[in-house]
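The values are calculated or read from the model by the stated rules, or taken from the named source; none is laboratory data. Predicted model, so just to flag it, every value in this text is computed and none were measured. Heads up, the Cβs are rebuilt from the backbone with ideal geometry, glycines too, and the neighbour counts pull from every protein chain shown.
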Amino acid sequence: MATQIIDVKCPNCGASADTSQKTCKWCKQPVVISTFNSVFEMPMPLINKYANAYRQALSEFPENPELSTSVAMCYLKLKLYDKAVIAFEKAAEGNFDNSEIFFYAAVCLLKGQKAFLQQRQTIDKIEEYINTALMIEPRGVYYYFWAYIKYDYFSRKSYRTTPTYQDALEMANNAGASPFDIEQLYGILGVARPSCL
């Protein structure tokens, strides 16, 4: 399904742009955000400015997956997890080939808490999203996040699970999970890294 290109204003400077542009031709800031790396280093006031711009654009174009993804990434950075999950799920309806949508939806379901504290149905939904992300693109950080879930929820509660957290950790290493990706993941999760991972 081809995505509709729509005219928007640059969330940073307000110049005319459209959703096909990666960056604004005037201020060189992102027009739409497709990856968390785009917002990871942004200061919070700018994130709020972007989120407001995307919310406005979504009021006119509620079915646009690029705008839903963009606002979801802003909500995640702002730690508005419930809003982020809704936006990621809306983005997933029209964008089945972006693995990050499913990965970050899984991350949001933890709501900044340890996996150990979650209900089983939440963990099942997280694993569903992780598996979907892995089917689209088998990235090391996805396997690593899965290893974290397998350890902090299943292993710590003495549940048998396949693969084990050790197996998932090995898959993460084989898929090239980088120290930067892992550090960034724990920054997003807002929890301490377990010593065995």
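Could you please find all residues in the stretch 65-116 being crowded, with 24+ Cβ neighbours inside 10 Å, farther than 21 Å from residue 41 by Cβ and polar (S, T, N, Q)?
Listed by number, the list holds a single entry, 68.
Between a residue in the stretch 176-196 that is under 19 Å from residue 113 (Cβ atoms) and any residue that is among the charged types (D, E, K, R), which pairs come within a Cβ distance under 6 Å, given they are 6 or more apart or on different chains?
Qualifying pairs under 6 Å: 186/193; 191/114.
Six or more apart or on different chains, Cβ under 7 Å: which pairs go from a residue in the stretch 158-175 that's assigned by TED's automatic domain parsing to the domain that holds residue 115 to one that's part of a loop (DSSP other than H, G, I, E, B)? Could you list them?
169/197; 175/138; 175/139
State whether one or more residues within the stretch 102-114 are at pLDDT 95 or above and either over 28 Å from residue 155 (Cα atoms) or among the polar types (S, T, N, Q) (or both).
Yes, there is a match, as at least one residue in the stretch 102-114 is at pLDDT 95 or above and either over 28 Å from residue 155 (Cα atoms) or among the polar types (S, T, N, Q) (or both).
Just to be sure before I move on: is residue 49 in a helix (DSSP H, G or I) and more than 24 Å from residue 131 (Cβ to Cβ) in the structure I sent? Walk me through how you get there before you give the answer.
On the way: in a helix (DSSP H, G or I): yes; more than 24 Å from residue 131 (Cβ to Cβ): yes.
Spelling it out, residue 49 is indeed in a helix (DSSP H, G or I) and more than 24 Å from residue 131 (Cβ to Cβ).
Restricting to the stretch 151-187, name every residue that is surrounded by 21 or more Cβ atoms within 10 Å (Cβ to Cβ) and within 19 Å of the chain's Cα centre (by Cα).
Once the filter is applied, which keeps residues that are surrounded by 21 or more Cβ atoms within 10 Å (Cβ to Cβ) and within 19 Å of the chain's Cα centre (by Cα), the stretch 151-187 yields 172, 177.
Against the definition (buried (at least 17 other Cβ atoms within 10 Å of the Cβ) and in a helix (DSSP H, G or I)), how does residue 125 come out, yes or no? I'd like the intermediate steps shown before the answer.
Details: buried (at least 17 other Cβ atoms within 10 Å of the Cβ): no; in a helix (DSSP H, G or I): yes.
Spelling it out, it is not the case that residue 125 is buried (at least 17 other Cβ atoms within 10 Å of the Cβ) and in a helix (DSSP H, G or I).
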